[in-house]
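Have a look at the structure below before the remarks.
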Amino acid sequence: MQLESLIDVRNDLGNISLGDIRLNRRCQRIAEALQDNPTASFTAALGDDAATEGLYRFLGNSKVEWQRVLDEHRDASWDRAIAMEGHVLAIHDTTMCQFGGESIRQGAFRTSKGKSGYLAHTCLAVSADGSRQPLGVVGMLPVVRLSVEQSKDSPGLTYENERQRWPDLVGIVEDEKPTDVDITHVMDSEGDAYDLLEFMVSQKFDYVVRLCKERRLLTHDGEVGLLKPSLKDATIQLTRSVALSARKSKKAPSNSTRTAERDERSATLEIRTTTANILRPEGSKDYLSALHLRIVHVIEPNPPKGEVPVEWILATSHPVDTPEQAAAVVDAYRARWLIEEWFKSLKSGCAYQKRQLGSLDTLLTAFSLLAPIATRLLSIRWFARNEPDRPATDIISPAELECLRLIEKRRKRPLPKHPTVREVLFAVARMGGFLKQNKSPGWQTLGRGFEEFQTMFDMFQLMNGAK
């Protein structure tokens with residue numbers, strides 16, 4: 001199943017209620033302008049100095065709460081989840097948002113790069129039907145590294161132990177989701193924490209978490225052993241060939257094989273399953289003595305010479321007794337990369353970190369305004385990759401298509417009579433510098449393309465007398 005229309009701020013923020021009808025309308029106008037020009041500066045997106053001044057007044061208005069704006073997008077995301085038959089993946093991850101300038105923004109903290117920043121701990125909902133269609137942000141916790149005294153004037157959260165943000169957001173998402181929506185929490189290895197696993201197990205939440213730490217376990221003989229050596233006895237449920245994308249090396253040196261550089265290649269993976277009684281960390285008495293976990297072990301038994309083998313150890317609440325069940329857990333984890341794409345969409349496609357705002361409070365309101373736009377950009381790429389032959393009018397209006405047709409004709413690249421989503425996306429991306437030898441446009445290229453196209457479309461409407 002798939003959504004029938006593209007995500008749009010006109011729908012996500014169309015019913016926003018900020019306690020003042022004028023604020024509601026201004027919020028909607030600002031969001032629409034930013035959606036039309038996602039990478040543009042505020043002045044360029046809004047069109048003139050007066051509209052830009054209105055934006056800054058809106059952001060600085062005490063009645064405008066960033067969480068209230070984000071809640072509108074969250075509710076629309078849950079509505080889309082219901083339309084997707086009520087079962088979604090809730091993908092959790094954290095990104096550092098950093099902003100330049102000589103002074104530190106009020107309420108933010110100085111990052112290691114000397115910039116103003118905060119940690120956006122985010123949960124993105126995507127469909128669980130195998131298509132991994134982006135649905136939207138369903139939770140975000142802004143985390144700041146400030147002293148207790150400094151944090152009093154910050155809208156961000158200060159933790160004595162920042163690991164607590166993981167169970168906190170899980171609990172918030174579970175409390176706020178509609179009763180007719182089932183979710184599976186998906187996390188990379190940063191979610192490998194005993195207290196988080198215990199929380200989800202005790203609350204009977206569904207989850208798929210990648211484990212990275214070596215864990216003590218209670219063997220079938222009642223002895224204390226280690227998890228990783230025990231996996232050699234796991235049951236092979238199926239073998240699967242997958243295409244691995246190329247991965248560049250990190251700028252900073254790392255001893256981790258999880259982020260090692262690799263070329264694009266095909267890999268044959270064994271998917272094995274077992275169960276394990278994981279013991280709580282030594283010296284910790286605040287948690288259950290042991291957790292009974294289902295484990296899916298994904299391993300590349302015969303990697304090419306010189307290549308680091310693929311290996312994932314996944315803990316899950318879902319049954320893994322059949323090949324189909326084991327494969328479903330692996331597919332849920334493989335959807336995790338979408339939240340990294342969403343962060344790129346926010347930062348590059350929406351130029352979030354270039355926004356010149358004076359406080360964390362206003363930066364969070366900007367985050368809330370841009371969240372549905374970042375999801376929209378991600379959805380456009382999703383359609384191009386997964387439904388490339390859908391009619392182009394599913395993502396742009398007939399008037400926009402007419403304008404793009406004229407642009408492409410002038411550039412001697414006429415569009416077909418009935419262009420597809422992929423053909424339109426590539427045409428827009430070319431306006432941002434996309435080269436045909438590249439497989440797909442990057443976020444900056446796509447953002448520049450939409451910005452350029454919107455400028456051309458505004459002129460097109462003006463020349464045709466559009467209001």
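It is to be established whether one or more residues within region 116-129 are part of a loop (DSSP other than H, G, I, E, B), assigned by TED's automatic domain parsing to the domain that holds H185 and either in contact with a Phe, Trp or Tyr (Cβ under 7 Å, 6 or more places away or on another chain) or of a type in the set (V, I, T) (or both).
Among the residues of region 116-129, not one is part of a loop (DSSP other than H, G, I, E, B), assigned by TED's automatic domain parsing to the domain that holds H185 and either in contact with a Phe, Trp or Tyr (Cβ under 7 Å, 6 or more places away or on another chain) or of a type in the set (V, I, T) (or both), which makes the answer no.
Restricting to region 132-167, count the residues that are without any contact (Cβ under 8 Å) to a residue 60 or more places away in the chain and under 30 Å from R381 (Cβ atoms).
2
Would you please list the contacts, defined by Cβ atoms under 6 Å and residues six or more apart or on different chains, that run from a residue in region 360-379 that is among the polar types (S, T, N, Q) to a residue that is outside any helix (DSSP H, G or I) and buried (at least 24 other Cβ atoms within 10 Å of the Cβ)?
Listed by first residue and then by second, the contacts come to T375/I7; T375/P134; T375/G136; S379/I7; S379/P134.
Name the one entry in R57, R80, R68 that is outside any loop (DSSP other than H, G, I, E, B), closer than 19 Å to S345 by Cβ and of a type in the set (K, R).
After ruling out the rest, the residue left standing is R80.
Looking at E282, E307 in this structure, which one is under 18 Å from E223 (Cβ atoms) and in a loop (DSSP other than H, G, I, E, B)?
E282
Residues are listed down the side, and each one gets a yes or a no for (1) surrounded by 21 or more Cβ atoms within 10 Å (Cβ to Cβ); (2) under 27 Å from F199 (Cβ atoms); (3) of a type outside the set (G, A, S); (4) within 28 Å of the chain's Cα centre (by Cα):
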residue: S284; (1), (2), (3), (4): no, yes, no, no
residue: Y287; (1), (2), (3), (4): no, yes, yes, no
residue: E300; (1), (2), (3), (4): no, no, yes, yes
residue: T316; (1), (2), (3), (4): yes, yes, yes, yes
residue: Q325; (1), (2), (3), (4): no, yes, yes, yes
residue: I339; (1), (2), (3), (4): yes, yes, yes, yes
residue: K344; (1), (2), (3), (4): no, no, yes, yes
residue: A351; (1), (2), (3), (4): yes, no, no, yes
residue: L364; (1), (2), (3), (4): yes, yes, yes, yes
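Filtering region 381-436 down to residues that are among the polar types (S, T, N, Q) and not in a helix (DSSP H, G or I), which residue is nearest to Q133 (Cα to Cα)?
Within region 381-436, the match that is nearest to Q133 (Cα to Cα) is T420.
Inspect region 63-76 for any residue being at positive phi and out of contact with any strand residue (DSSP E or B) (no Cβ under 9 Å at 6 or more places or on another chain) and give the result as yes or no.
no
Considering every residue within region 428-441, establish whether at least one is crowded, with 17+ Cβ neighbours inside 10 Å, over 17 Å from C350 (Cα atoms) and either at pLDDT below 85 or not assigned by TED's automatic domain parsing to the domain that holds S345 (or both).
Looking through region 428-441, at least one residue is crowded, with 17+ Cβ neighbours inside 10 Å, over 17 Å from C350 (Cα atoms) and either at pLDDT below 85 or not assigned by TED's automatic domain parsing to the domain that holds S345 (or both).
From the list T445, T420, T375, exactly one residue is more than 25 Å from the chain's Cα centre (by Cα) and closer than 24 Å to L338 by Cα. Which is it?
T420
Being without any contact (Cβ under 8 Å) to a residue 12 or more places away in the chain and either over 30 Å from F205 (Cβ atoms) or part of a loop (DSSP other than H, G, I, E, B) (or both), is that true of even one residue in region 324-340?
Checked against the condition, which is being without any contact (Cβ under 8 Å) to a residue 12 or more places away in the chain and either over 30 Å from F205 (Cβ atoms) or part of a loop (DSSP other than H, G, I, E, B) (or both), region 324-340 yields no hits at all.
Restrict the check to region 454-464 and report whether at least one residue is over 18 Å from A384 (Cα atoms) and not in a helix (DSSP H, G or I).
Yes, region 454-464 has at least one match.
Here's the yes/no breakdown for (1) under 27 Å from L157 (Cα atoms); (2) in contact with a Phe, Trp or Tyr (Cβ under 9 Å, 6 or more places away or on another chain); (3) assigned by TED's automatic domain parsing to the domain that holds V173; (4) among the β-branched types (V, I, T):
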| residue | (1), (2), (3), (4) |
| --- | --- |
| G19 | yes, no, yes, no |
| L34 | no, yes, yes, no |
| S41 | no, no, yes, no |
| L55 | yes, yes, yes, no |
| K63 | yes, no, yes, no |
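For (1) buried (at least 16 other Cβ atoms within 10 Å of the Cβ); (2) touching a Pro at 6+ places or on another chain (Cβ under 6 Å); (3) over 26 Å from G447 (Cβ atoms), each residue gets a yes or a no:
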{"site": "N24", "(1), (2), (3)": "yes, no, yes"}
{"site": "L34", "(1), (2), (3)": "yes, no, no"}
{"site": "S41", "(1), (2), (3)": "no, no, no"}
{"site": "R80", "(1), (2), (3)": "yes, no, no"}
{"site": "T94", "(1), (2), (3)": "yes, no, no"}
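Scanning for something more than 30 Å from P301 (Cβ to Cβ) and touching a helix residue (DSSP H, G or I) at 6+ places or on another chain (Cβ under 9 Å), does region 202-216 turn up at least one residue? It would help to see each step written out before you state the result.
The initial filter retains those residues of region 202-216 that are more than 30 Å from P301 (Cβ to Cβ), namely 202-205.
When the remaining residues are screened for being touching a helix residue (DSSP H, G or I) at 6+ places or on another chain (Cβ under 9 Å), the result is 203, 205.
The answer is yes; a qualifying residue exists.
The values are calculated or read from the model by the stated rules, or taken from the named source; none is laboratory data. Everything numeric in this text was worked out from a predicted model, so none of it was measured. No Cβ is skipped: glycine too gets one built from the backbone with ideal geometry, and neighbour counts run over all protein chains shown.
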